[in-house]
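To start, the structure under review is shown below, and the notes come after it.
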Amino acid sequence: MGVKKTLRRSGRTLEHGPFEVIETVHGCRAGCYFPSGAPVVRRAASLAERIPPGAAVGYDVIVRIGRLRFLEYRQREEIRELLRLQHGITLSSGEVSTLTVRFLCYLEALHAARVADLQAVLAADGGWPLHIDATGENGRGTLLIAYTGWRGWVLGAWKIPTERADAILPRLRLVVARFGPPCAILRDLGRAMIEAGESLVQKMGVAIPILACHLHFARDVGKDLLGESHDQLRVLFRHADVRKKLRVLARDLGRRLGTRIDEARDALQLWQADNEDRHLLPQGDAGLATVRALAQWVLDFAADGSDEGFPFDVPYLDLYQRCRKAGRAADAFLRTPPADNDVRKAIARLRLAVRPVESEVPFEHTARRLKIRARIFTELRDALRLGVKPSRRSDRQPGGALESEKIAQLRDVQAAIADLEISLRERRPTRGPAQDTRAAIDIVLAHLDSHGNTLFGHAIDLPGGMRLVDRTNNELEGFNHALKHGERRRSGRKVLTQDFEKLPAAAALAKNLMHPDYVEVLCGSLDRLPTAFAQLDAADRSRSVVVLSGSPDALVENDDIEAASLPTPDRRLVRTENMERRIRAAADSRPPRLARATAV
């Protein structure tokens, strides 16, 4: 190696801030070249360990920006201000965006470089369950995640055109090729996930259980069981304007009370504390406040639910029941009408607002049907012993104190489901007027017949003892929810359609940095992450690993088949003026006249 050139260059690192140095570059006297075609040169080691090839911003700055963006969900201007105040480093908004993408490229490459070490950790656990799920926003930006439940690591994340088996299967095969066969697969009940999971197991040639998420199973049964009747009840309430009339009543009474509303609320509390069963409304402002509170109580029907969403909550059935109770209460108050004319008119107005709910057809008939089906669904949910909250981190550790309890609970669930199936078959009316009950039971039995073989098998016999795969995909669902919540907090937008479409898939991989066990395998500690990035570039300093080919997606065997959706590249072509012009010209054209056949 001989001196090739001496140059002056600038740099910016967290360690030194902005700086300028004079660097002596050595080159090979024999004229050797790197595999990339660049001549073999040796740069100053002190700079090579801190700044990527061809760049002026250090590895530690890249790591700092990546952590702020993908772990703390800071905006670009926040990141710029923090770097300026804490380290004296000034970057433009465009540079921050470029460096966030560069961070993910380095992280993705480092994850691929540590595959053997990560696989050794998973093998030392005795195995690992593969959780798979895809998420998106308004049908765009579909993100597929492969996740290991016991460790809580993201093993791979990819953007796919849409949730289809031919797009999912190659990614799952890549995960298996890297980390070995899982001991179980947990997925939802989507057709694409079912087909991809079965194809993966068939291609592996290893008999492993394919498990259905119990929560998704219950949700699918509930939607099929309750969806039609619940929708009918919602439409009935909308046509009768019950909620609108109650809101108008509460607003009118509030305006009438005006500045006296605080005193009226105090009087309402005194009336609530009265234990005498005289069913009398107070006079004056206290009576108006009482009627207003009764209307508000009906409108607060969501409080009867458990905030778990449909079908675990049936909000319009709760609204129906509150309307019926409010109507009966109003009748009791009107049996001894208030002496105050305004109060009497107010309670009569409330009674009139909820009166349509009391009609047998269609309200009572629809609600009765929904109640019967809701009871059957409650039986299924009780048999499954479902809790919608994710399991605690301690439950996932090997040899946890709750492992034996969870295995015993799973056996109880399996026995309860078997008993419920027997009970439903015995209770199923074969003929007679109970057609709806028969149809409801058939829905539950059909789901049990279709998915019953994937509901159990979570107990995995490992060399270190029996371990249990989670019964639900709540852990991964919670991961996706947290990812979207962070993006909403960063952008301030409720709808993340464009944000999620532009979000790189490796953003999910960045969440692994919150797991100390993963970080220890990856680089030892987060403080050593810049050094690990620098080691990726050490083999060939002619260019950064960021510009090299061979990203994880390049290892997927088949190319994606474009879906019928409208991704951004297609949207830019479809919505052009030239596209409109060509279609309009073709549509306005007329076929040429047919030439007359001439006699020969």
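At-a-glance table
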item: Lone qualifier among Ala348, Ala374 - being part of a helix (DSSP H, G or I), out of contact with any Phe, Trp or Tyr (no Cβ under 8 Å at 6 or more places or on another chain), farther than 29 Å from Val221 by Cα and not polar (S, T, N, Q); result: Ala348
item: Residue under evaluation Arg234, criteria (1) open to solvent by less than 60 Å² (accessible area, probe 1.4 Å); (2) assigned to a helix (DSSP H, G or I), criterion not met; result: (1)
item: Subset of region 430-461 [part of a helix (DSSP H, G or I) and farther than 19 Å from Gly190 by Cβ]; result: Gln435, Asp436, Thr437, Arg438, Ala439, Ala440, Ile441, Asp442, Val444, Leu445
item: Verdict on Ala212 being at pLDDT 95 or above, in contact with a Ser or Thr (Cβ under 8 Å, 6 or more places away or on another chain) and crowded, with 18+ Cβ neighbours inside 10 Å; result: yes
item: Some residue of region 532-541 being at pLDDT below 65 and either closer than 19 Å to Leu155 by Cα or of a type outside the set (S, T, N, Q) (or both); result: no
item: Subset of region 332-342 that is over 49 Å from the mean Cα position of the chain (by Cα) and touching a residue at least 24 places away in the same chain (Cβ under 8 Å) - its residue that is least open to solvent (accessible area, probe 1.4 Å); result: Pro338
item: Tabulated pairs, region 451-474, first closer than 16 Å to Met193 by Cα and modelled with pLDDT of 90 or more, second among the aromatic types (Phe, Trp, Tyr) and crowded, with 23+ Cβ neighbours inside 10 Å, C-beta under 9 angstrom, 6+ apart or interchain; result: His451/Phe217; Thr454/Phe217; Leu455/Phe217; Asn473/Tyr147
item: The lone exception for Pro52 - which of (1) in contact with a Pro (Cβ under 9 Å, 6 or more places away or on another chain); (2) crowded, with 17+ Cβ neighbours inside 10 Å; (3) not in a helix (DSSP H, G or I) it fails; result: (1)
item: Residues located in region 417-431, provided they are open to solvent by less than 40 Å² (accessible area, probe 1.4 Å) and either closer than 25 Å to Leu386 by Cβ or of a type in the set (Gly, Ala, Ser) (or both); result: Ile417, Leu420, Ser423, Leu424
item: Count of region 209-262 residues which are free of Cβ contacts under 8 Å to residues at least 12 places away in the same chain and farther than 20 Å from His447 by Cα; result: 13
item: Test: residue in region 190-200 that is surrounded by fewer than 17 Cβ atoms within 10 Å (Cβ to Cβ) and touching a Leu at 6+ places or on another chain (Cβ under 6 Å); result: yes
item: The one condition in (1) farther than 30 Å from Asp499 by Cα; (2) at pLDDT 80 or above that Val61 fails to fulfil; result: (1)
item: Matching residues in region 126-174 - criterion: being within 22 Å of Leu503 (Cα to Cα), in a loop (DSSP other than H, G, I, E, B) and more than 16 Å from the chain's Cα centre (by Cα); result: Pro161, Arg164
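The values are calculated or read from the model by the stated rules, or taken from the named source; none is laboratory data. Nothing here was measured: the structure is a model prediction, and the numbers come from that model. For neighbour counting, all protein chains shown are included, and Cβ atoms are generated from backbone atoms with ideal geometry for every residue, glycine included. These accessible areas exclude ligands, DNA and RNA; they are computed on the full protein's heavy atoms, side chains included. Shrake-Rupley method; radii C 1.70, N 1.55, O 1.52, S 1.80 Å.
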